[in-house]
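J.: This structure is in structure tokens; I'll ask about it shortly.
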Amino acid sequence: MEDNISNKEFKLIQEYIKNNYGIHLGEEKKSLIYSRLRSILVEKGFENFTEYYEYLISDKTGQAAIVFIDKMTTNHTFFMREVDHFYYFRDTVLPFIEDTVGDGDLRIWCAGCSSGEESYTLQMFMTDYFRNSKKNWNIDLLATDISTTVLTKASKGIYTNDQVKPLDEKWKKNYFKQYDANNVIVTDEIKNKIIYRKFNLMEPNFPFKKKFHVIFCRNVMIYFDNKTRDALVKKFYEASAKGAYLFIGHSESLNNSDTKYKYVMPAVYRKI
């Protein structure tokens, strides 16, 4: 097998991941592509990346694409990441929803949920908040990602003792059970309120029948170029109810001249 990736082969992979997943890989990512995909070439016996690319685009089962995106995506997250967002969600967003959503059908979307820490954190906040409400609230949460591997991990809800250290002791007691000596597992009370689904944010039209009250899409758009980001934000806006909130990562920003969202606080926007 060749021990490098040619410029032509890099362009093919670069265009494939951009066209199918919106992810922009600059020239500096050439070595990253080689290192992350090399094991597939070895396993399949391909001589070069051209042979791998032909296999990738011709595979009708979808399995090649699943393996490809699992290799190429970075899934770094942790409980209570960018914690000020969660407190704002608890102290401002949930009271607003409680006062304004008359039918009790709360619609929250965690887009790019990775291995589940963010979606479980949101659900624990919601479960705490609505536990003593006199109204019968539907607080099921939708969590999506393009990586099958991280969705499998998220749906299992198993984390190391160290990973849950940032959480409140009450949460660790009420919402986790000891799984083995080194790991805990999320309780069914929380797990059963989250719907994990594979979903590509590059879909031209979102299939959701009802509008969302909150969308969390944090540290996902850093991998997109400006055009892709702006197009996605427009789809988020159209999928949101009036008054809905959009949370993005602190290292991200919206194009204020192009979006209808209104700035609320760092990395938090609203559909007014």
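J.: What does the extension gain come out to for Ile66 and Glu189, with contour length at 0.36 nm per residue minus their alpha carbon separation?
T.: Contour length minus Cα-Cα distance gives 41.3 nm.
J.: How large is ³J(HN,Hα) for each residue in region 203-218, as worked out from phi by the Karplus curve 6.51 cos²θ - 1.76 cosθ + 1.60 (θ = phi - 60°), to whole Hz, x for Gly and Pro?
T.: Once θ is set to phi - 60°, the couplings for region 203-218 become 3, x, 9, 6, x, 6, 7, 10, 7, 8, 8, 8, 10, 9, 9, 9 Hz.
J.: So, one more: Just checking my list [x] 66, 48, 29; [y] 65, 52, 31; [z] 52, 39, 36 against Cα extents along the principal axes in Å computed from this structure; which label fits?
T.: It is the value labelled [y].
J.: Let me ask something additional. Mind checking the full-extension length gain between Asp168 and Ala181? Use 0.36 nm per residue of separation minus the Cα-Cα distance, one decimal, nm.
T.: 2.7 nm
J.: Stretch Asn161-Ile57 to full length: gain in nm at 0.36 nm per residue minus the Cα-Cα span?
T.: In short, 33.3 nm is gained.
J.: Please compute the modelled spin-label separation between Val83 and Lys235, points set 7 Å along Cα→Cβ, answer in nm with one decimal.
T.: 3.4 nm
J.: For the chain, what does -39500 (n - 2.57) per DSSP helix run (n ≥ 4), summed and divided by total residues, give at 222 nm, in deg cm²/dmol to the nearest 500?
T.: -12000 deg cm²/dmol
J.: In nm, give the distance between the simple-model label positions of Ser35 and Lys210, each being 7 Å from the Cα along the Cα-to-Cβ direction.
T.: 4.5 nm
J.: Taking R0 as 51 Å, what's the FRET efficiency between Glu98 and Glu43 from their Cβ-Cβ distance, rounded to 0.05?
T.: Taking R0 as 51 Å, the efficiency between Glu98 and Glu43 is 0.45.
J.: Oh, and also: How far apart, in nm, are two points set 7 Å out from the Cα along the Cα-to-Cβ line at Asp91 and at Asn136?
T.: Each label point is offset 7 Å from its Cα along the Cβ direction, giving 3.4 nm.
J.: Related question: Of the listed peptides 113-121, 233-241, 197-205, what is their order by residue-averaged count of other C-beta atoms within 10 Å, with the highest listed first?
T.: 113-121, 233-241, 197-205
Each reported figure results from applying straightforward, stated rules to the coordinates on display, with no laboratory input. These figures come from a predicted structure and were not determined experimentally. With ideal geometry, Cβ positions are generated from the backbone for all residues, glycine too; neighbour counts draw on all protein chains shown.
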